[in-house]
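*Asks:* Sharing a structure, written as structure tokens. Questions coming.
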Amino acid sequence: MNSKEDIQKQFYKIYKGQNSISEFEEWLYKTQEIESVYNNDFYFKLLDLDYRKKHIKVELVKIIEMEIPHGKFEQTRIISLLKNIIFDKDDPIEILEQLYDDYCNGYSFLRFLGLTYITGIDALPKLKQRDKWDENEFNSKREILNNLKPKLIKEAERLLSFFQEELLIIAEENVYLDYRKEEEKIELHNVERMFKE
């Protein structure tokens, strides 16, 4: 059985583009709990949408957006990306690309990771593009990333500790609360020093 949070996660996934419209539609028809968690009108609005229309996502988002606890899911997503850097899960270039986008969209605490990405890592090959590169060239370019990994891990751990101590809290999409001391906000005041360390 799907709980309200399970349903909200699916809304969030389609909102963020993590699931396709067809995946959402398939899930919708299997998830009758939406009707009991919300109400008949809400559920039938979702069922009445024509999911084959070209701009259906705009209509869908209008209906579900208010039901998504953006802050909670955004914080979970950011923490997951930071942990993936620390524990070397997924492709670090893709993770940094996402963190760069998040930095540009308002999460300024990600400044060091975002700027690290845009100052050269963005030109490095992603793991899924390996077959497009000569093996030696791929390995030499990935070596650049490997040399940066200790700095990236250190910054991810630093930011993660602020989330764990509730000094950084994402309130809603692209809006966060920052309870850190000024000297702890080094990425905002002295990012040059971070690059030199």
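*Asks:* Would you work out if region 133-197 is rounded, prolate or oblate? Take a ≥ b ≥ c from the square roots of the eigenvalues of the alpha-carbon gyration tensor; rounded if a/c is under 1.5, else prolate when a/b is larger than b/c, oblate otherwise.
*Replies:* On the way: a/c = 3.03, a/b = 2.07, b/c = 1.46.
Since a/c reaches 1.5 and a/b is larger than b/c, the shape of region 133-197 is classed as prolate.
*Asks:* Next question, about the same structure. How much net charge surrounds Leu159 when only the other residues with a Cβ under 12 Å from the Cβ of Leu159 are counted, with Lys and Arg +1 and Asp and Glu -1? Show your work: numbers first, answer last.
*Replies:* Numbers: positive: Lys83, Arg111, Lys154, Arg158, Arg180, Lys185; negative: Asp102, Glu155, Glu157, Glu165, Asp178, Glu184, Glu187.
Neighbourhood net charge equals -1.
*Asks:* While we're here: Please list, by residue number, every one of the chymotrypsin sites (Phe, Trp or Tyr not before Pro) in region 77-119 that is coil in DSSP and has at most 10 other beta-carbon atoms within 10 Å.
*Replies:* Working: sites: Phe87, Tyr100, Tyr103, Tyr107, Phe109, Phe112, Tyr117; in loops: Phe87, Tyr107.
Of the chymotrypsin sites (Phe, Trp or Tyr not before Pro), the ones in loops of region 77-119 whose Cβ has at most 10 other Cβ atoms within 10 Å are Phe87.
*Asks:* Before I look further, what does the chain give for accessible area per residue, probe 1.4 Å, in whole square angstrom? List each step's numbers first, then the result.
*Replies:* Numbers: 11310 Å² over 197 residues.
Here the residues of the chain average 57 Å² of exposed surface.
*Asks:* According to a simple spin-label model (label point 7 Å from Cα along Cα-to-Cβ), what is the distance in nm between Glu184 and Asn40?
*Replies:* My value for the distance between the label points is 5.1 nm.
*Asks:* Another question, then. Could you check how much of the accessible area of the chain is carbon and sulfur, as a whole percent, using a 1.4 Å probe?
*Replies:* Working: 5420 of 11310 Å².
That share works out to 48 percent.
*Asks:* Need one word for the chain: rounded, prolate or oblate. Basis is the Cα gyration tensor (sqrt eigenvalues a ≥ b ≥ c); a/c below 1.5 gives rounded, then a/b vs b/c decides. Intermediate results must be reported in sequence, preceding the final value.
*Replies:* Values: a/c = 2.76, a/b = 1.59, b/c = 1.73.
Because a/c hits 1.5 or more and a/b fails to exceed b/c, the chain counts as oblate.
*Asks:* Among Leu60, Ile153, Gly106, whose Cα projects farthest towards the positive end of the dipole of region 18-168, with charges put on the beta-carbon of Lys, Arg (+1) and Asp, Glu (-1)?
*Replies:* Ile153
*Asks:* Sticking with this one: Computed FRET efficiency, Cβ-Cβ of Glu33 and Leu167, R0 35 Å: what is it to the nearest 0.05? Provide the component values of the computation, followed by the final result.
*Replies:* On the way: r = 36 Å, r/R0 = 1.04.
E between Glu33 and Leu167, to the nearest 0.05, is 0.45.
The values are calculated or read from the model by the stated rules, or taken from the named source; none is laboratory data. Being a predicted model, the structure only gives us computed values, none of them experimental. Glycine also receives a Cβ, built like all others from the backbone with ideal geometry; neighbour counts cover every protein chain displayed. The area values use the complete protein model at the heavy-atom level, side chains included, leaving out ligands, DNA and RNA. Shrake-Rupley method; radii C 1.70, N 1.55, O 1.52, S 1.80 Å.
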